[in-house]
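Accompanying notes for the structure given below.
The values are calculated or read from the model by the stated rules, or taken from the named source; none is laboratory data. Everything quoted here is computed from the prediction, not taken from an experiment. No Cβ is skipped: glycine too gets one built from the backbone with ideal geometry, and neighbour counts run over all protein chains shown.
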Amino acid sequence: MGQTESTNKLNRVKGYIPEKYPRLIEEKDGKVSYSIKYEENGETMYRSHMAKDGLIGNWNNSVQTLYENLEATTKTFPDHQLFGTRKYDKKTQKYTDYEWKTFKEFNEERTYFGSGLINYKLKKDDRIGVFAKNRYEWVLAEHAAYAYSFLLVPLYHTFGIPNTRYIINDSEIKTIITEAKYLPKLSQISKDCPTLESIILLNDPENELEEIMKDNKDIESLKSDNIKIFLFDEILESGKKKQHTHQPSKPDDLCSLIYTSGTTSQPKGVCYTHKNMVGTITGFYYMGYPFSDNESYYSYLPLSHVFERSLINSMIALGSRVGFFSGDNTRLLDELQLVKPTIFIGVPRIFAKVYDSIKAGIKKKGIFAQYLFNVAYEAKKKAIENGESYELWDKLVFNKTKQLLGGKIGILISGSAALLPLHQEFFKVIIDPHFVQGWGLTETGSGGTVQIYEDTRNIGLVGPPLCCNDIKLVSVPELNYSVNDFPNPRGELAVKGPNVFEGYYNKKEATDEVMIDGWFHTGDIAEALPNGYFKIVDRKKNIFKLSQGEYIAPDVLEGIYSNSSFVMQIMVYGNSSENYLIGVVVPEKAILLSHFNDERKENEDDDSFFSRICQDPKLKKLILDDMERLGRRENRFGFEIVRNFIVEPNPFSVENEMMTTTMKLRRKAIEQNYKKQLQDLYSQGFEN
């Protein structure tokens, strides 16, 4: 049966757990409850209503590993489209429409590639690095590893040479699957990586590999370090000719080492097992959205992060399809029209920029268009709040904005950082009211909590626990957070369940710091609301105190100020000797070039002009005023308003060691880099 004929009933999957669990929402005495509380050893625990009788660690009775996840769904939906890729037509010099592999085809090629790796002398438990963008071969290598018990280690293209070298050596990678553009980096470190034996080169969609390899200095350098070079296709062909019986991993076997670069230390390898990943998938599977086997997902968030891998393996569990981003942002909107995703996952930064773009576009259309949009916006917002029909407003105004994401969206999800409530409300109205926010970390497989699909009213919250994990709050007295706080308990979030990682690879001390009696202490500070939802309020490690005794949560303020259309990145800074905040701001180049365009000199190029306006006091005043506007709008106190900042034209990045791979600020590194300038800013003071 093809996907177009889907019955939309998940229980067609053999072994599917019956609908014996309670709903995710309970109502009693007119009050809504999104999670249950229970007491254990004098502490209050929070759990999903669905997991009332015990945490749920697998979505299907026969699925305990990611290998079984693919096997179970392939048996049910062999001819469903699974992975889609755009090919490059060298004649037209354009990318084609998506070409799709079915579950059956992918399953076969997974066997071919895994067998090929064995033919080329890889054995069980050998570590395979993947150093590439999102693409079909990435997930093919991943699932070959699951079928033959290799251990997959993602490598981040944003990592600098020291961290890349560290990961290869710490995890003892034996072979790396990569694209030609990463050969220069690998050729610089191969001589310092004693376990590395070979590199498997992926096809380049726009260039012939023969031309790339011809007289390639990086390849010659690698060969001189005794690194063998193979082509992905030759491994695949070898396995097709000589296949091997699967040697699948067991539930407690590691499925991956996922390195997360700390904000203050070297990368830590998160040990994630098959049981852990299946637990995360199960949490997503039962989040309340009426999933079907006819879903469509567009994969553009990095596969090197656990969030994207969890999502794609969830789509496999559903029997649905995934179209891969071709790698160029200029093609992203066109590809959304081709894939027509029903599920769209984003991060706050993306939603903020789309918000600015849409608002600017409406403004350009004139007063009447703005008036019509605002009337429709308020009317639909009220209809959503009251549970009334809003079809008329979609027909008049919002169907066009829905088309930006392909026109088929059934749910939007935001993760990775705090989402500004204004943006959540905006996209609920213009795209779909089922816009939910979740919370999780690499150590929890990116899952932990998520808003309930049926709840279209709550904004700015991260929802109740997933059915795969319990949550508790732990008092942090040094920061004045207590589980006995009034009106609501507050404290550090701790998580326990089958989705929680096993520990940090080769780092027992670091593991013992965060894993206490089976509970992972996350470092995030949350408030437990009466309805069973959680709200993230702070980050334990980053909080500092000003001289007047007020505590500052810089992450929260950075989330607010980075929503200025003039701000690309910001680090908020303060210390106990001063009574106000300063910072470092990376301006939004394109927006500011347009804003100050009247001041451009004749024949002045963009870089020169941007460098000049970054030194202009008018730019600093423009940004300070806009940040103060945002701070006041969010009801921040005066001491939480940034009063001065350093203008940094060059973005913070993983390459310059100012960002982690999960795109968090490496605060200590930034503070150290700008130490003298920050001191100078404080010596200048500011005008009230």
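Considering only region 436-460, how many residues are among the aromatic types (Phe, Trp, Tyr) and closer than 17 Å to Ile25 by Cα?
Looking only at that region, the number is 1.
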Looking at region 268-277, can you tell me whether even one residue there is surrounded by 20 or more Cβ atoms within 10 Å (Cβ to Cβ), assigned by TED's automatic domain parsing to the domain that holds Gly160, in contact with a His (Cβ under 8 Å, 6 or more places away or on another chain) and among the charged types (D, E, K, R)? no
Selection within region 606-644 - more than 30 Å from Pro421 (Cβ to Cβ) and either hydroxyl-bearing (Ser, Thr, Tyr) or assigned to a helix (DSSP H, G or I) (or both): Asp606, Asp607, Ser608, Phe609, Phe610, Ser611, Arg612, Ile613, Pro617, Lys618
Kindly provide the set of residues from region 315-330 that are of a type in the set (D, E, K, R) and surrounded by fewer than 15 Cβ atoms within 10 Å (Cβ to Cβ), ordered by number. Asp328
Sort through Ile312, Ile362 and tell me the only one that's more than 20 Å from the chain's Cα centre (by Cα) and either at pLDDT 95 or above or aliphatic (A, V, I, L, M) (or both). Ile362
Taking region 214-256 and keeping only residues that are closer than 18 Å to Phe131 by Cα and either acidic (Asp, Glu) or without any contact (Cβ under 8 Å) to a residue 60 or more places away in the chain (or both), one is left with Asp218, Ile219, Leu222, Ile227, Lys228, Ile229, Leu231, Asp233
Taking the conditions exactly as written (in contact with a helix residue (DSSP H, G or I) (Cβ under 8 Å, 6 or more places away or on another chain) and at negative phi), does Ser562 satisfy them or not? yes
What are the pairs with Cβ atoms under 6 angstrom where one residue, in region 611-632, is closer than 14 Å to Phe645 by Cβ and the other, located anywhere, is loosely packed, with under 15 Cβ neighbours inside 10 Å and modelled with pLDDT under 95? Sequence gap at least six, or different chains. Cys614/Pro649
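Every residue, every condition in (1) among the aromatic types (Phe, Trp, Tyr); (2) touching a Leu at 6+ places or on another chain (Cβ under 9 Å), yes or no:
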position	(1), (2)
Tyr34	yes, yes
Thr44	no, yes
Ser62	no, no
Pro78	no, no
Arg86	no, yes
Lys94	no, no
Leu117	no, no
Asp126	no, yes
Right, Asp79: assigned to a loop (DSSP other than H, G, I, E, B) and under 22 Å from Pro341 (Cα atoms) or not? yes
Every residue in region 88-146 that is among the β-branched types (Val, Ile, Thr) and in a loop (DSSP other than H, G, I, E, B), please. Thr92
In region 666-677, is there at least one residue being in contact with a Phe, Trp or Tyr (Cβ under 9 Å, 6 or more places away or on another chain), surrounded by 13 or more Cβ atoms within 10 Å (Cβ to Cβ) and not in a helix (DSSP H, G or I)? yes
Quick one: which strands (runs of 3 or more DSSP E) lie wholly within region 337-452 and hold at least 3 residues that are of a type in the set (A, V, I, L, M) and either without any contact (Cβ under 8 Å) to a residue 40 or more places away in the chain or surrounded by 17 or more Cβ atoms within 10 Å (Cβ to Cβ) (or both)? 411-414
Can we say Ile173 is within 21 Å of Pro205 (Cα to Cα) and under 28 Å from the mean Cα position of the chain (by Cα)? no
Just to check your reading of the model, which residue among Tyr297, Tyr259 is touching a residue at least 24 places away in the same chain (Cβ under 8 Å), under 17 Å from the mean Cα position of the chain (by Cα), more than 30 Å from Ile452 (Cβ to Cβ) and outside any loop (DSSP other than H, G, I, E, B)? Tyr259
Being among the hydroxyl-bearing types (Ser, Thr, Tyr) and surrounded by fewer than 19 Cβ atoms within 10 Å (Cβ to Cβ) is the filter; apply it to region 86-135 and report the residue that is nearest to Glu295 (Cα to Cα). Tyr98
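Please give the strands (runs of 3 or more DSSP E) falling wholly within region 164-236 in which 2 or more residues are among the polar types (S, T, N, Q) and modelled with pLDDT of 95 or more. Step through it out loud before you land on a result.
Numbers: elements: 173-178, 198-201, 228-231.
Those strands (runs of 3 or more DSSP E) span 173-178.
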Scan Ser198, Ser224 and give me the residue that is over 28 Å from the mean Cα position of the chain (by Cα), small (Gly, Ala, Ser) and within 22 Å of Arg127 (Cβ to Cβ). Ser198
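Picking from Leu202, Leu222, which residue would you name as being of a type in the set (A, V, I, L, M, F, W, C) and either outside the structural domain of Pro154 (by TED's automatic domain parsing) or closer than 22 Å to Pro162 by Cα (or both)?
Matching residue, one of Leu202, Leu222: Leu222.
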When you scan region 416-451, how many residues do you find that are within 22 Å of Val514 (Cα to Cα) and not hydrophobic (A, V, I, L, M, F, W, C)? 11
Hits in region 586-611 (condition: basic (Lys, Arg) and closer than 16 Å to Phe566 by Cβ): Lys589
Mind checking which residues of region 158-196 are in contact (Cβ under 8 Å) with a residue 60 or more places away in the chain and either hydrophobic (A, V, I, L, M, F, W, C) or in contact with a His (Cβ under 8 Å, 6 or more places away or on another chain) (or both)? Phe159, Ile167
